Amino acid sequence: MSPAPADQSARKPLDGGWGWMVVIGAHISIGFAYATPKALSIFFKEIQEDLGASFSEIALISSIMLAAMYAGGPVSSAMVNRFGSRPVVIVGGLMCGVSMVTASLGTSIIYLYFCIGVIGGCGLSLNLNASLIIISKYFLTKRPLANGLAMAGSPVFLCILAPFNQYLLDNFGWRGSLLILGALMLHCCAAGALMRPVTPPHTLSSCALEKTVEEQRNNGKTRLKRSCMKSAKTFLDLSFFKDRGFVIYLIGNIMFIFGAYAPIVFLTAFAISKGVEEYSAAYLLSIMGFVDMFVRPGTGLIANSKWIRPRIQYFFSFAMVFNGTCHLLCPLIENYAFLVVYAVFFGIGFGMVFALIFECLMDLMGSQRFPRAVGLVTIIECFPMLLGPPAAGLLVDIYGDYRYLFFMCGSVILTGGIFLFVMNIYNYHMLEKEKQNQVRASEVEMKQTPEAAMGHTEPEAQEKNGVLRDTRSERAETPN
Amino acid sequence: MSASWKQLFFQILLLLISCRHINTKTPGPTSPPLDPISPLPTLERSYVLKGVSHTERVELLNPVNLSLMCTWAGNQNKPSNITGFWRKDGEEIENSRVTVQLENEQYNLKQKFSIVSEENLGSYSCVFGGEAKIDFDLAAPQIGDVRDKPIVSYVGDSVVMTCKMEENKPKPNTWNWYMANDTGKEQIFPAAEPQRYEIKNDGWKTKLLVYNLTEADSGLFYCGAVYPISTTMSHVELKVISFYEPLKPFIAIVVEVIVLVAAILLYERSQSKKDYTAAGNGPGDQTNSLTPGENNALEESSSMRQRKV
């Protein structure tokens, strides 16, 4: 490829300093990305009455927004590779603001689908991916902690936006609320301003020249354009599927996402069916969100420790198993006190998984391949996320009982966790074997032609299995 | 002979006068139904009191002859007879006092009431000797789900206000909508102003659509579910505001964001200038207007230099 890898390893990530401001920016950006689709549901009843739509038509707004947010992943990653995180997040913030402001003038449900769903969702997808990518660039040794802190934005913003949206609704109706919410989402632009580029944006993409700024300006432009075209076509890079670790991660993730959201959607209804009063049932979700807020940075801190960091994939599978077990035990609950306990454990499990979900991908892929990998992962995750809650709802409709929903979700997540655990053991075993083979092969070559071998094997080893190099270098770089 | 006839005539006259007197004083708990052709249906409600007081709800749809029966087990000392009487809305009903005998260790009070219209509804109580009482609250089906927060809408916009009767209760015959004004309630007739108002009745639900709102439309709107016996009311509050109300916080927040972004970018520029002047001449041009990319290239070179040191 290019001597870029040698440069990259010399340019050590900051792991602090301005990096913490970037974490704050990512926290805000990710917070809006995950919290907005959920917090908007507070307006749905009013919008439904005003526009005369049915409940499922209104709920589709959230679904379209989430789908656009996940499906826009590859585009967002490609744009970040080309332009850097800062412009992308600023544009994303502007798109979100514009989407809400135009939605406040809406008179039909289709108009809202387009404004909030499509434009808003695309804006959020730009925000989400760019924030994750810039964390992977700014942090290495403290990356799990940075990820945990950034992902904590989701429950924090949900806890803030939910009552705030209710307050806005009571005072300004849904139109005024959407207008003010649009202004609030412009804070993503401020978050983007915090995301100072680590290196000049051009040197990171594959179509770039890795020399100085001067050379770029002089003869770079034409060559830049041609190779940019090539990379734009391949932004959906399917070569990732040849990577064993990536495929294992993807399968485990799909299983988790399929079962993750349905219990949240149906928890209140389940509690009411057990005789709990409506306000107390809604309170369960607040408890879960509150616990989640603290668990995410906590998990990041634990994952950063020297015992867990090398085994972070196993920690991730443990978190999934914990989550799945929680759901499987839920149907045994009969009274409110135990439901509160369940909500607390659910919050812990959910927070643990989400704090680690992108950290594990960064760990597998390394900061170079992470941007394209995360784009691919989010667009594939779109499907289980959209299919999960309706499938669970179907179970409830068929059997008339919420137990089977929890059994299904719990068993799918549990299976995913166990699958990840077993397959990661296998994967690391195979990687060790491959490493030993390579070391043996390079020793043999060294005996034959010493000088040629020195020039060959290093970039070869780097190129062949980027995972191997990254995990090795990362394991070596965990001093704490 | 004529004197005794006169006496008899006079007594009959007195009797007639006193009877009419009783009849005209109150609608009469025991007054016969006015319409002999279709007599009112009979409904019975009874309750056995265990403590000293209880309230029983009775939901009525149509005019009925309601027969209420109260049973009380008495307290420690059980006199052989006590006085019992009936009350309506706290006021004692005339001539309802009777002496109740103790039968099978229980006291029984029974009374028939003719419930034909809204005045007949209310709270009927049977009282045993001033100690124990049972209240029967007679009412038409009530609307349970009342929206306590006002609906907010904008000048020139249109709004939909709904009222819902629970589907497990009887269906109202129709719905009426009223607007609150200085003199109480005024019914809304969409036929009079079709551009402004529209009423859509759908069994248990009703919707009032108001178009072209003005600030004068703010206030209470009442919906009434019409039953043969009476109309039950519920209310919805409307608040109409102008579009400038949310626009003020919107502009304030936009200005705040612009200030934040400018501050962050200016701080960054000042930081990089400091590094630039501290590091001396870096690679590339030394122009004043440095792009962020070039800034960071210089930062990189200066930080690398620091590393070497």
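The values are calculated or read from the model by the stated rules, or taken from the named source; none is laboratory data. From a predicted model like this one, the values you see are computed outputs, not experimental measurements. Note that we place each Cβ from the backbone using ideal geometry, even for glycine, and neighbour counts take in every protein chain shown. Side chains included, ligands, DNA and RNA excluded: accessible areas come from the protein's heavy atoms. Shrake-Rupley method; radii C 1.70, N 1.55, O 1.52, S 1.80 Å.
Of (1) at pLDDT below 85; (2) outside any loop (DSSP other than H, G, I, E, B), B:Gly130 satisfies all except one. Which?
Evaluating B:Gly130 over (1) at pLDDT below 85; (2) outside any loop (DSSP other than H, G, I, E, B) leaves (2) as the failure.
Considering only the range A:42-116, give the helices (runs of 4 or more DSSP H) lying wholly within it that have at least 1 residues that are without any contact (Cβ under 8 Å) to a residue 12 or more places away in the chain.
Here the list reads A:44-51, A:55-71, A:109-112.
Give the range A:386-407 a look and list any residue that's open to solvent by 40 Å² or more (accessible area, probe 1.4 Å) and either in contact with a Ser or Thr (Cβ under 7 Å, 6 or more places away or on another chain) or in contact (Cβ under 8 Å) with a residue 60 or more places away in the chain (or both), or say none.
The answer is A:Leu386, A:Leu387, A:Tyr402, A:Arg403, A:Phe407.
For B:Tyr124, work out the one condition from (1) more than 19 Å from the chain's Cα centre (by Cα); (2) in contact (Cβ under 8 Å) with a residue 60 or more places away in the chain; (3) open to solvent by less than 50 Å² (accessible area, probe 1.4 Å); (4) away from every other protein chain (no Cβ under 14 Å) it doesn't fulfil.
Only one criterion is unmet by B:Tyr124, namely (2).
Identify the residue in the range A:257-306 that is under 21 Å from A:Phe358 (Cβ atoms) and of a type in the set (Phe, Trp, Tyr) and, among all such residues, is least open to solvent (accessible area, probe 1.4 Å).
A:Tyr261
Output yes when any residue across the range A:358-374 is open to solvent by 20 Å² or more (accessible area, probe 1.4 Å) and aliphatic (A, V, I, L, M), and no when none is.
No: the range A:358-374 contains no residue that is open to solvent by 20 Å² or more (accessible area, probe 1.4 Å) and aliphatic (A, V, I, L, M).
Among A:Ala68, A:Ala146, A:Ala78, A:Ala103, which is open to solvent by 10 Å² or more (accessible area, probe 1.4 Å) and either over 19 Å from the mean Cα position of the chain (by Cα) or farther than 21 Å from A:Met185 by Cβ (or both)? Can you show your working first?
Numbers: A:Ala68 fails: either over 19 Å from the mean Cα position of the chain (by Cα) or farther than 21 Å from A:Met185 by Cβ (or both); A:Ala146 fails: open to solvent by 10 Å² or more (accessible area, probe 1.4 Å); A:Ala103 fails: open to solvent by 10 Å² or more (accessible area, probe 1.4 Å).
The unique qualifying residue is A:Ala78.
Does the range A:111-130 contain any residue that is open to solvent by 10 Å² or more (accessible area, probe 1.4 Å), within 19 Å of A:Ala67 (Cβ to Cβ) and touching a Leu at 6+ places or on another chain (Cβ under 6 Å)?
no
Please go through the range A:149-174 and give me each residue that is within 21 Å of A:Ala343 (Cβ to Cβ), assigned to a helix (DSSP H, G or I) and open to solvent by less than 20 Å² (accessible area, probe 1.4 Å), ordered by number.
Once the filter is applied, which keeps residues that are within 21 Å of A:Ala343 (Cβ to Cβ), assigned to a helix (DSSP H, G or I) and open to solvent by less than 20 Å² (accessible area, probe 1.4 Å), the range A:149-174 yields A:Met151, A:Gly153, A:Ser154, A:Pro155, A:Leu161.
Would it be correct to say that A:Cys96 is open to solvent by less than 40 Å² (accessible area, probe 1.4 Å), outside the structural domain of A:Glu359 (by TED's automatic domain parsing) and not acidic (Asp, Glu)? Let's see the steps before the verdict.
Working: open to solvent by less than 40 Å² (accessible area, probe 1.4 Å): yes; outside the structural domain of A:Glu359 (by TED's automatic domain parsing): yes; not acidic (Asp, Glu): yes.
For A:Cys96, the condition - open to solvent by less than 40 Å² (accessible area, probe 1.4 Å), outside the structural domain of A:Glu359 (by TED's automatic domain parsing) and not acidic (Asp, Glu) - is met.
Name the single residue, out of those in the range B:233-260 being of a type in the set (Gly, Ala, Ser) and within 25 Å of B:Phe221 (Cβ to Cβ), that is nearest to the other protein chains (Cβ to nearest Cβ).
B:Ser242
Out of A:Gly73, A:Gly97, A:Gly92, A:Gly84, report the one residue that is away from every other protein chain (no Cβ under 13 Å), small (Gly, Ala, Ser) and closer than 20 Å to B:Ile264 by Cβ.
It is A:Gly92.
Under 7 Å by Cβ, and 6 or more places apart or on different chains, what pairs join a residue from the range B:151-168 that is within 13 Å of B:Ala225 (Cβ to Cβ) and open to solvent by less than 50 Å² (accessible area, probe 1.4 Å) with one that is in a loop (DSSP other than H, G, I, E, B) and of a type in the set (A, V, I, L, M)?
B:Cys163/B:Ile143; B:Met165/B:Ile143
Can you find a residue that is modelled with pLDDT under 85, over 30 Å from B:Gly224 (Cβ atoms) and open to solvent by 50 Å² or more (accessible area, probe 1.4 Å) anywhere in the range B:138-150?
Scanning the range B:138-150 turns up no residue that is modelled with pLDDT under 85, over 30 Å from B:Gly224 (Cβ atoms) and open to solvent by 50 Å² or more (accessible area, probe 1.4 Å).
Within the bounds of the range B:154-176, is there any residue that is within 14 Å of chain A (Cβ to nearest Cβ) and among the aromatic types (Phe, Trp, Tyr)?
Within the range B:154-176, one or more residues are within 14 Å of chain A (Cβ to nearest Cβ) and among the aromatic types (Phe, Trp, Tyr).
For the range B:209-220, how many residues are in contact with an Asp or Glu (Cβ under 9 Å, 6 or more places away or on another chain) and either over 17 Å from B:Tyr154 (Cβ atoms) or among the small types (Gly, Ala, Ser) (or both)? If you could, list the steps in order and put the result at the bottom.
As a first pass, look at the range B:209-220 and keep what is in contact with an Asp or Glu (Cβ under 9 Å, 6 or more places away or on another chain): B:209-213, B:218-220.
Then keep just the ones that are either over 17 Å from B:Tyr154 (Cβ atoms) or among the small types (Gly, Ala, Ser) (or both); that gives B:218-220.
So the answer is 3.
Identify all residues within the range B:238-259 that are open to solvent by 70 Å² or more (accessible area, probe 1.4 Å) and assigned to a helix (DSSP H, G or I); write none if there are none.
Once the filter is applied, which keeps residues that are open to solvent by 70 Å² or more (accessible area, probe 1.4 Å) and assigned to a helix (DSSP H, G or I), the range B:238-259 yields B:Tyr244, B:Glu245, B:Lys248, B:Ile251, B:Val255, B:Glu256, B:Ile258, B:Val259.
In the range A:11-65, what count of residues is obtained for those that are among the polar types (S, T, N, Q), open to solvent by 40 Å² or more (accessible area, probe 1.4 Å) and either touching a helix residue (DSSP H, G or I) at 6+ places or on another chain (Cβ under 8 Å) or on the phi > 0 side of the Ramachandran plot (or both)?
Selection size over the range A:11-65: 4.
B:Lys200: basic (Lys, Arg) and over 30 Å from B:Val48 (Cα atoms), yes or no?
Yes, satisfied.
Need the failing condition index for B:Leu209 against (1) surrounded by fewer than 19 Cβ atoms within 10 Å (Cβ to Cβ); (2) part of a loop (DSSP other than H, G, I, E, B); (3) not hydroxyl-bearing (Ser, Thr, Tyr), just the number.
Evaluating B:Leu209 over (1) surrounded by fewer than 19 Cβ atoms within 10 Å (Cβ to Cβ); (2) part of a loop (DSSP other than H, G, I, E, B); (3) not hydroxyl-bearing (Ser, Thr, Tyr) leaves (2) as the failure.
Which residue is nearest to the chain's Cα centre (by Cα), if the candidates are limited to the range A:167-187 and must be more than 7 Å from chain B (Cβ to nearest Cβ) and not polar (S, T, N, Q)?
A:Met185
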